[in-house]
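The values are calculated or read from the model by the stated rules, or taken from the named source; none is laboratory data. As the structure is a computational prediction, the values presented were derived from the model and not from experiment. Don't worry about glycine lacking a Cβ; one is built from the backbone with ideal geometry, like all the others, and counts go over all protein chains shown. When the accessible area is computed, the model is the full protein with side chains, heavy atoms only, and any ligands, DNA or RNA have been set aside. Shrake-Rupley method; radii C 1.70, N 1.55, O 1.52, S 1.80 Å.
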Amino acid sequence: MATESTADMKLQGKFALFNVLSKIAFVILFLLSMPFMLERINIIQTDIDLIEKRERILDIIEEHGVQPFMEAQENSFGSYNILKEEFISLEPADLDEYWNFIEVTIRILEDEAIDYRVLNYSFFVDGQMYLLEIGKSLSSIRQTEKNIRWMALALLLAFIAVTVVADISYIRLLLKPLNQLVLNKLVNIHDPGKYSPAPVQTTTEDFKKLDRSINQMMERIQTLFRKEREFTSNVSHELLTPVSILQSKLENLLNEKTLSEEGLVKIGESLKTLNRLKSIINSLLLIARIENEQYLKNEEVPVFELMKEVIGELKEQFEASEIELKVEHDREIVIQKANRALLFTMFLNIFGNTLKYTNTAGKVSVNAAKENGRNIIRVHNTGEGIDPKNLEEIFSRFKKFSSENIQGYGLGLPIAKTIAEFHGINLTAESLAGEGTSFILRI
């Protein structure tokens, strides 16, 4: 049986994967460029702070003059904070031109060399030129940059986490109508006759168009499916009458005393052929009537009790082939709203097929279990098994994949499958060549 490749993904998964990968690429790009960007931003902000402090100092000088600064020391003013991270210096200067620039320079403080980013600004007061220096240590600038880097990274990761969750939620909401279309109008439609064309609620025009297309396609399939059922039912019914008439006439001929022995043999062979044809027609009629729901489902059927009756009917055949049959179950399984006669036919066909293809002195086992709230019955036989390429067609009509010496028309399993679907039972098969075949009923 074909399986999906592990590389296959749902549309929602592909959207989410692209979303995550694009964000990861953005994070990598951001992390690579963040040191340079933060350094430039931090330097620009530091320069802005230095300029703002210069303006505040100049406002004080304009209001009070330079004398308050110079009173602290004889010819100059210098102030460093306790951690030596910032300083302000004001002193008379003999310069040939005005200074107004920012540079990185080293200051020696208490035998310690400290790198500062320093704003240099010269100005005249009362005919004297003064040089104002405002500096900030590069170590404090780098620490601020580091703090900003971690804060930016944390905010970035939080933003990405929130947007990924939001994007996935939105994609899930956006694709919900598509999932409903797939599940309700494609995957879960086992009988085209029960298809409902009710529109899926969506505001996406593409999904509306897809919904309309599926409805139109299913309408055509329903028409063809109905015609095929009617054709099978009508043809089978019409063929049954002349076959019955021919059978009756041939049976009457057998009573003729004037017939030679050779004539009797030929009539007997003809009756065998008619019986086979009649059996095929009755099988096709049974399938057609089940598909058209012409049978009532108003009984409660204990599965293993019914299975016991089926096995009893086939007991002599099991014994003749020396096949060991083992049935294991710890409780009864009851099918509600069922047709006992049809279920009997279903199990008869399953066990009959198992019996045909079990090797002499082989084994047939029946096991019951419960998985995901459903009852599972597995009927396994030892035998030649079925080639995997043929496994999906074993429920198709008139298909036979084993020994030509085994009699049958390829209708037993299709009948069993039709009855199972009529009762909401999932009938599947598993097989390995040389290891036998299992029929699994999920009730």
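The figures follow:
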read-out	value
Per-region count, region 110-133, residues out of contact with any strand residue (DSSP E or B) (no Cβ under 7 Å at 6 or more places or on another chain) and loosely packed, with under 12 Cβ neighbours inside 10 Å	6
Count of region 273-320 residues which are assigned to a helix (DSSP H, G or I) and free of Cβ contacts under 8 Å to residues at least 24 places away in the same chain	7
Residue in region 396-403 that is at pLDDT below 80 and in contact with a Phe, Trp or Tyr (Cβ under 7 Å, 6 or more places away or on another chain) present	yes
Any pair with Cβ under 6 angstrom, 6 or more apart, that starts in region 146-164 at a residue that is open to solvent by 90 Å² or more (accessible area, probe 1.4 Å) and ends at one that is part of a helix (DSSP H, G or I)	none
Answer residue from region 363-391, given it is part of a loop (DSSP other than H, G, I, E, B) and touching a strand residue (DSSP E or B) at 6+ places or on another chain (Cβ under 6 Å) and is most open to solvent (accessible area, probe 1.4 Å) among those	T382
Residues within region 321-340 that are surrounded by 14 or more Cβ atoms within 10 Å (Cβ to Cβ) and not in a loop (DSSP other than H, G, I, E, B), tallied	6
Of the criteria (1) surrounded by 14 or more Cβ atoms within 10 Å (Cβ to Cβ); (2) assigned to a helix (DSSP H, G or I); (3) within 54 Å of the chain's Cα centre (by Cα), which one I267 fails	(3)
Test: residue in region 85-98 that is part of a strand (DSSP E or B), under 19 Å from Q143 (Cβ atoms) and touching a residue at least 12 places away in the same chain (Cβ under 8 Å)	yes
Selection within region 307-339 - farther than 18 Å from S438 by Cβ and under 38 Å from the mean Cα position of the chain (by Cα)	D330, R331, E332, V334, I335, Q336, K337, A338, N339
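The rows are residues; the columns are (1) open to solvent by less than 100 Å² (accessible area, probe 1.4 Å); (2) among the aliphatic types (A, V, I, L, M); (3) modelled with pLDDT of 80 or more; (4) within 28 Å of the chain's Cα centre (by Cα).
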{"position": "M1", "(1), (2), (3), (4)": "no, yes, no, yes"}
{"position": "A7", "(1), (2), (3), (4)": "yes, yes, no, yes"}
{"position": "L11", "(1), (2), (3), (4)": "yes, yes, no, yes"}
{"position": "K14", "(1), (2), (3), (4)": "no, no, no, yes"}
{"position": "F18", "(1), (2), (3), (4)": "no, no, yes, yes"}
{"position": "K23", "(1), (2), (3), (4)": "yes, no, yes, yes"}
